[in-house]
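The values are calculated or read from the model by the stated rules, or taken from the named source; none is laboratory data. Keep in mind it's a predicted model, so treat the numbers as computed, not measured. Don't worry about glycine lacking a Cβ; one is built from the backbone with ideal geometry, like all the others, and counts go over all protein chains shown.
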Amino acid sequence: MILSTSKLSIRHILIGLICAMALTTGGLTLQEIWSSYKRYGVSQQVVGLAGLNRNLFDALGAFRLERASMQSAVILPSDKNPSSIATYMQRRKQVDEAMAQANSVLTASNRPALAPFQRDLAAIYDENRKLRESVESDLKLPVEGRDKQMPDRILSVGEKLLISLDKTSLAVDSEIRALNPALTELVVARALSWATRTYAGTSGVMVSTITAQQRPFDAKETRVLLSNDASALASWQALRDMADTAQTDPVIKAAIATGQATYFAGPVKEMREKLVAQATSGSKPSMSVDQWRGEIVPALETIAAVASTALDRASAGANATAAQAFAELLTYGAVLLVSLLIAIAGYVVVRSRVTTPLAQMTAAMTQLAKGELDTALPRISHKDEIGAMASALSVFQENLVKMRELEQSERAASAARLARAQSMEAVVTDVGEVVAAAASGDFSARLEIEHADAQMQKLVAGINEINAVVDSATSEFAAALQAVAGGDLTARIETAYRGKFAEL
């Protein structure tokens, strides 16, 4: 169906065009607003998940230290191991705080994919709380009276909790990658660095155990230790290979370089290799657990720092994306508002300066066409085409008035000419009658003309005067002649006539 504009007024066409432009601009802007709103919502979800990963990471890091301190606390006498007990209590508080925040965010996120991990984590964490109660009971006893299986239980339950935390964190990583693929490199960097920290930390705990007990590794422990060391090195190498690109964040590169120089090279590496060599060859460790922990924990923290840095950068990236999406939301909202204001302003301007004056002039021209020349014209003082049209319409009205006045004058003149002609015709008829009467000897007839000009009145007066003079002279002459004929020779002509009448 083809839309015909032949039956539409200019007003309707202009308003339709303004509405079409406003709707087009508004539609496009609303589409961008909706896209920005969705991006902002996704970014907010990523921010929340990044915060959740931070809570899980804090819990992981603190629990590793809690577990190591817990083992040392149950192995050594309480009066000779105040540092391990103090560290255990401190890390325990940090773990509880991080787990409480992580559980709160997991519940609020309402993501079905994370629900199984949340339930598994809650169950294992509850098991760890019960283990803590057993440890606290053991710490009140002398070393000889404590549960000999407690160190293994601590290691076993702790390992399950660490695995659950790590699985939950990996699940969160998957959600983040699905929502924002741009953060994939940071997510993978966190996963690899934390895998390295997990393997290296497990080896560190094993060394802490034998240094606290001042004994060498047995064959099984040696195999586990060497396997963990190999896995830690493989994960770290994969991380280094991934980061060895121009696109990798310089901050991540710097953190990796620090971890490489601190744990995988330098004095800590030499110390660790020497101690492991002693413990795996049947010799007792040559340092105490406090000395060992004092050296290895800061070195392990440089590996964890890579994961922490990756989390911080991912969180910063998510926040930046959210801020950008929010800024776009505000920008497009402002564009929509400005577009609406421009459309309204355009409608007001077109209506006040174009359509309304045109409608007024159209109405005025219609009245003029009907002959109503006294129609009031709209007062338009615009210095534009509409103003020019109004001025032309005013001139047109003035010309029509002048034409009407000329027509009226012409009709009056025609009427006057007709009246004069009729008057002349009447005069000619009357003059003919008077002349005919005079020719018949009757000079008593007179002309009576009411409507005639001065010249005609003068002519009529002259004819009447001739008849009057002739009538008077003949009457007077006839009376005198009758008197003479009767013998009265005393009769006289008293009127002083002129010309031929005077001679008579």
If we ask which residues in the range 255-267 are surrounded by 14 or more Cβ atoms within 10 Å (Cβ to Cβ) and farther than 18 Å from Gln237 by Cβ, their number turns out to be 0
By residue number, the members of the range 46-89 that are of a type in the set (Asp, Glu) and under 26 Å from Asn110 (Cβ atoms) are Asp58
* Asked: Within the bounds of the range 206-213, is there any residue that is surrounded by fewer than 23 Cβ atoms within 10 Å (Cβ to Cβ) and either farther than 18 Å from Asp152 by Cα or without any contact (Cβ under 8 Å) to a residue 40 or more places away in the chain (or both)?
  -> yes
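Whether any residue in the range 74-92 is closer than 30 Å to Ser174 by Cα and either out of contact with any Asp or Glu (no Cβ under 8 Å at 6 or more places or on another chain) or free of Cβ contacts under 8 Å to residues at least 40 places away in the same chain (or both) is what I want to check. Lay out the reasoning, then the answer.
Of the residues in the range 74-92, the ones closer than 30 Å to Ser174 by Cα are 91-92.
The next check asks that each one be either out of contact with any Asp or Glu (no Cβ under 8 Å at 6 or more places or on another chain) or free of Cβ contacts under 8 Å to residues at least 40 places away in the same chain (or both); those that pass are 91.
Scanning the range 74-92 turns up at least one residue that is closer than 30 Å to Ser174 by Cα and either out of contact with any Asp or Glu (no Cβ under 8 Å at 6 or more places or on another chain) or free of Cβ contacts under 8 Å to residues at least 40 places away in the same chain (or both).
Tell me, please, whether a residue that is more than 22 Å from Ala50 (Cβ to Cβ) and either in contact with a helix residue (DSSP H, G or I) (Cβ under 9 Å, 6 or more places away or on another chain) or part of a helix (DSSP H, G or I) (or both) can be found in the range 99-117.
No, that holds for no residue.
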Reported set for the range 436-465 where residues are in a helix (DSSP H, G or I) and either free of Cβ contacts under 8 Å to residues at least 12 places away in the same chain or outside the structural domain of Ala478 (by TED's automatic domain parsing) (or both) is Ala436, Ala437, Ala439, Ala454, Gln455, Gln457, Lys458, Ala461, Gly462, Glu465
Inset, instruction - Check the range 164-177 and report whether any residue there is over 38 Å from the mean Cα position of the chain (by Cα), of a type outside the set (Asp, Glu) and surrounded by fewer than 17 Cβ atoms within 10 Å (Cβ to Cβ). - result: yes
From the option list Leu49, Leu131, single residue qualifying as modelled with pLDDT of 85 or more, buried (at least 20 other Cβ atoms within 10 Å of the Cβ) and either of a type in the set (A, V, I, L, M) or not assigned by TED's automatic domain parsing to the domain that holds Ser308 (or both) is Leu49
For the range 63-79, does any single residue satisfy the condition of being under 49 Å from the mean Cα position of the chain (by Cα) and either hydroxyl-bearing (Ser, Thr, Tyr) or surrounded by 17 or more Cβ atoms within 10 Å (Cβ to Cβ) (or both)? yes
Gly158 vs (1) in contact (Cβ under 8 Å) with a residue 12 or more places away in the chain; (2) more than 45 Å from the chain's Cα centre (by Cα); (3) surrounded by fewer than 14 Cβ atoms within 10 Å (Cβ to Cβ): all pass except (3)
Within the range 58-96, the count of residues that are of a type in the set (Asp, Glu) and touching a Gly at 6+ places or on another chain (Cβ under 9 Å) comes to 1
(1) more than 27 Å from Lys38 (Cα to Cα); (2) at pLDDT 90 or above all hold for Thr168 apart from (1)
If we keep only residues of the range 330-384 that are touching a residue at least 24 places away in the same chain (Cβ under 8 Å) and assigned to a loop (DSSP other than H, G, I, E, B), then the residue surrounded by the fewest Cβ atoms within 10 Å (Cβ to Cβ) is Asp384
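Just to check your reading of the model, which residue among Arg240, Arg190 is basic (Lys, Arg), in the same structural domain as Leu165 (by TED's automatic domain parsing) and surrounded by 23 or more Cβ atoms within 10 Å (Cβ to Cβ)?
Arg190
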Counting only residues that are of a type in the set (Gly, Ala, Ser) and at pLDDT below 80, the range 400-432 contains a total of 6
- Query: Can you spot a residue in the range 217-233 that is touching a residue at least 60 places away in the same chain (Cβ under 8 Å), crowded, with 19+ Cβ neighbours inside 10 Å, under 26 Å from Ser156 (Cβ atoms) and in the same structural domain as Ser281 (by TED's automatic domain parsing)?
  - Reply: yes
